[in-house]
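Bear in mind that the values in this text are calculations on the coordinates, not laboratory data. What you see is a predicted model; the values in this text were computed from it and never measured. Methodologically, a virtual Cβ is constructed for each residue, glycine included, from the backbone with ideal geometry; neighbour enumeration extends over all protein chains shown.
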Amino acid sequence: MFTSKDDLKLSYGVDMEIGKHLVDRKVPEDNLYWKNRLLYIIPMPGYLFIPMYMDIQFRLGLPKSGLLSEQHLQLMEAIMHSAAKLEGRLINVEEHIEECIALTRPLSRNPSFLQDLTYYFSGEKEKASVALGMPYPSLNRADAYLFSLCYFDFDSVLKQKLVNAWYALISYYLIVDDLEDIRTDFEQKEENVLLEAGLTEQGAKAIEALIHKSYHEMSGVNPVIANRIDHKRQLVNIKAVIDGFLKNRERL
């Protein structure tokens, strides 16, 4: 299914030039993240988040010319290739982070943020100059993408805004994914935020609070995405999802 620049604009508020550039971009060769894909952007969260977050970066003040530059895009694609290798168990987490650091360092215009990420991924996030990470490990599983931010120079104020917007966007989509995959994740012992928060009313409220936080943060950055989050949170009943999973588990 084809995603157009108009789809990205109308459905997610993405800048038309950013949308067009990414929709028209050729699938990178020998990149596992795009393996067997004919289109660069397809209507799946794992691909849609790229133009969405790029638009957010632009809204917050990063230059469009830099965001759309070949160097930046190739860095991002290389990070995603490494992420796909991790997903496919071709490398482990430590090797994935080492690859990302090695890819980023030659192009980094932001040694401070690169050091923040190095601290964060080495388990020393308290040393970072910016708050990194969500309270549940499953919501941090895409954070290596943040290495692509090192391509840009920005001050501490913008640093925090970019990080906050990242978590507002990506945690929402990861929560939605985990709601759909709770049974499979449980059976395969995969990360899942519902399992981590606890299959209780308290756990459901904790997840609801995270979605509300995403909505509140995104309202000040991209109201179109905020509206989608608000619509979803009014439709989904997290406690009912948990109860349904528990009942099905009892029957097994």
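Key figures
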quantity: Interatomic Cα distance distribution for segment 1-99, bins of 10 angstrom, percent; calculated: 15, 45, 31, 8
quantity: Point-charge dipole on Cβ atoms (K/R +1, D/E -1) for the chain, about Cα centre, debye to 20; calculated: 460
quantity: Cut-off 12 Å between beta-carbons: net charge of the residues surrounding Gly133, Lys and Arg +1, Asp and Glu -1; calculated: -2
quantity: Zone residues, segment 140-165, relative to Ser112, backbone N less than 11 Å from point 7 Å out along Cα-to-Cβ; calculated: 153-160
quantity: Calculated [θ] (222 nm, deg cm²/dmol) that DSSP helices of n ≥ 4 give over the chain, each run adding -39,500 (n - 2.57); calculated: -20000 deg cm²/dmol
quantity: Mean Cβ neighbour count within 10 Å, used as a protection proxy, ranking 201-207, 46-52, 164-170 highest first; calculated: 164-170, 46-52, 201-207
quantity: Relative counts (whole %) of C-alpha pair distances in segment 99-217, using bins that are 10 Å wide; calculated: 13, 40, 31, 15, 2
quantity: Over segment 152-252: Rg over Rh, Cα atoms, Kirkwood Rh; calculated: 1.06
quantity: Entries in Lys161/Lys239; Lys20/Lys64; Lys64/Lys161; Lys5/Lys26; Lys26/Lys64; Lys159/Lys239 that, when Cα-Cα distance is taken, lie over 24 Å; calculated: Lys161/Lys239; Lys159/Lys239
quantity: Separation in nanometres of the label points that stand 7 Å from Cα toward Cβ, at Ser11 and Glu190; calculated: 2.1
quantity: Shape category assigned to segment 14-165 from the gyration tensor of Cα positions, a/c cut at 1.5; calculated: oblate
